[in-house]
Amino acid sequence: MDNSTGSGVLSSTSAEFPSRAEERAVLTKVTARLIPLLFFCYIIAYIDRINVGFAKLHLREVLRVDPGVFSSVYGLGAGLFFIGYLLFEVPSNLILQRVGARVWIARIMIVWGLVSMAFMFMKDVTMFYVMRFLLGVAEAGFFPGVILYLTFWYPAKERARIVALFALGGVSAGVIGSPISGAILGLNGVGGLAGWQWLFFLEALPAVLVGLLVVLILPNGPQQARWLSDREKTWIQTRLSEEAARADSSQRHRLKEVFTSGRVWLLCLIYFLLNVGGYGFEMWLPTIVKGFSGQSDAVVGFINSVPYFVAGVAMLLVGRHSDRTGERRGHVALAATSAALGFALAALLKNPWLAMAGLTLAFAGLKSTLGPFWALSTAFLSGTAAAGGIALINSVGNLGGFFGPSLVGIIKDRTGSDTTALFLLGAALLGMGLFALAVPGKTHHNPPGSS
């Protein structure tokens with residue numbers, strides 16, 4: 001087991017830093033070494049997770065589904081990813097804490113890359129369902145594993161900005177991956193393969209290659225980082241240990257108590273509602289854009305990237321402001337309410353480009369909740385409880401990724417329009433904002449530089 005995860009208490013005197021500037025320099029060094037790699041890994045993960053939204057434009061004939069029920073079939077298949085995710089999240093995070101992040105994150109990436117690549121052999125609905133489920137099983141543990149890994153390095157009051165930097169990989173996947181996905185579909189017929197087959201093959205390959213890179217360069221924790229001095233390692237370890245020791249005695253720290261904590265289950269509900277809105281939106285965005293624009297796959301890819309770009313800027317600004325003020329719940333609530341407003345505007349506005357502006361506001365709002373939410377969720381968990389609690393929140397919350405796309409598909413089949421579905425997604429985000437304000441306990445941290 002990796003002892004760098006924060007179990008030992010080291011002498012604080014040996015880790016004292018004379019200035020805030022020197023402390024910031026160490027954290028900046030850590031960020032420069034870790035975040036670019038993790039960011040790139042998340043881009044790959046997210047592209048492999050949502051590229052089915054582009055493949056969907058060409059899958060009806062492959063799956064041999066009646067047009068009247070295809071939206072429901074696709075929505076269910078898109079959502080089955082999260083059932084596999086749910087079942088294996090908690091065990092995956094507990095294994096990561098035991099064997100170390102380097103080997104386990106690499107294993108996750110290589111396996112999900114191979115599963116995603118196998119989608120190119122898909123021939124019917126049953127195989128579509130099975131492959132989406134297996135992709136969820138393969139990727140289970142990646143996101144919560146990285147969130148847990150970041151707690152080995154960063155104190156609670158620094159985490160909203162850092163989580164936002166990492167999670168920016170998800171929106172960057174949309175900015176980068178959308179045009180690429182649209183262009184790859186244009187390879188239809190090359191080498192005897194359909195465009196959607198090239199899509200799954202080419203976008204899965206980086207997961208395998210980068211997974212091998214992770215094995216070589218990702219340290220399990222500060223004590224294994226050869227680019228840190230002994231003094232810097234000691235300071236990081238001591239700061240995290242002292243923070244854990246100062247935690248309120250009423251907070252949950254044993255794994256079994258995580259599963260009976262009302263606060264943890266409330267956070268699960270909040271994250272569930274976020275993912276109803278988020279994945280209900282993302283799995284259908286290419287279809288919505290194709291419907292109102294009537295453009296080619298390549299043009300749809302570029303239009304599809306706009307909400308992701310705006311969301312990336314917004315989530316960085318919100319995460320930074322949340323860290324500066326030390327406030328979490330209000331930031332989550334305000335961002336979620338903005339998303340609900342965006343969905344309502346998209347449903348009500350008749351002009352397609354104004355509706356797209358509403359969708360962009362919705363996506364920016366819901367993505368901006370991520371940094372403050374995970375800073376709030378990790379602030380009161382430590383040790384094994386952190387591994388299990390983070391995974392539980394992520395896995396149960398990601399069930400929203402099953403219900404969101406599935407409900408949108410059913411509604412589209414029954415109504416023939418997007419309006420009711422958009423109102424549903426907006427209601428989920430409004431509920432998320434209200435529940436965020438109800439999170440109990442100490443959720444306010446002193447801003448950087450305060451005593």
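The values are calculated or read from the model by the stated rules, or taken from the named source; none is laboratory data. Because the structure is a prediction, the values reported are computed rather than measured. Reconstructed Cβ throughout: ideal geometry from the backbone, glycine too, with neighbour counts over all protein chains shown. Side chains included, ligands, DNA and RNA excluded: accessible areas come from the protein's heavy atoms. Shrake-Rupley method; radii C 1.70, N 1.55, O 1.52, S 1.80 Å.
Mind listing the Cα extents of region 160-229 along all three principal axes, in Å, largest one first?
Taking the Cα atoms of region 160-229, the three principal extents are 54, 27, 12 Å.
Can you give the accessible area per residue of the chain, in Å², using a 1.4 Å probe?
37 Å²
Take the Cα atoms of region 139-269, build their convex hull, and give its volume per residue in Å³.
Details: hull volume 21.9 nm³, N = 131.
Cα convex hull per residue, to the nearest whole number: 167 Å³.
Taking only Cα atoms, what is the 0 to 90° angle, nearest 10, from helix 159-184's long axis to the longest principal axis of the chain?
20 degrees
Tell me the angle of helix 419-436 to the major Cα principal axis of the chain, expressed in degrees between 0 and 90 and rounded to the nearest ten.
Computed tilt is about 10 degrees.
Of the cross-linked pairs Lys56/Lys367; Lys367/Lys412; Lys350/Lys412, which ones have a Cα-Cα span greater than 19 Å in the structure shown?
Lys56/Lys367; Lys367/Lys412, as the Cα separations exceed 19 Å there.
Please report, in whole Å, how far the alpha carbons of region 53-150 spread along each principal axis, starting with the longest.
48, 21, 19
Report Rg (one decimal) and Dmax (nearest whole number) for region 279-386, counting Cα atoms only, units Å.
Values for region 279-386 (Cα only, Rg and Dmax): 16.1, 52 Å.
Among (1) 34, 28, 20; (2) 80, 30, 17; (3) 37, 24, 19, only one was calculated for this model; which label is it, if the read-out is semi-axes √(5λ) of the Cα gyration tensor in Å?
Calculated semi-axes √(5λ) of the Cα gyration tensor in Å: the matching label is (3).
I'd like the FRET efficiency for Thr419 and Tyr129, computed as 1/(1 + (r/R0)^6) with the beta carbon distance as r and R0 of 30 Å, rounded to 0.05. Working shown, then result.
Numbers: r = 28 Å, r/R0 = 0.94.
The calculated FRET efficiency here is 0.60.
Using only Cα atoms, find the angle between the long axis of helix 383-397 and the longest principal axis of the chain, and express it within 0 to 90 degrees, rounded to the nearest 10.
For helix 383-397, the angle is close to 20 degrees.
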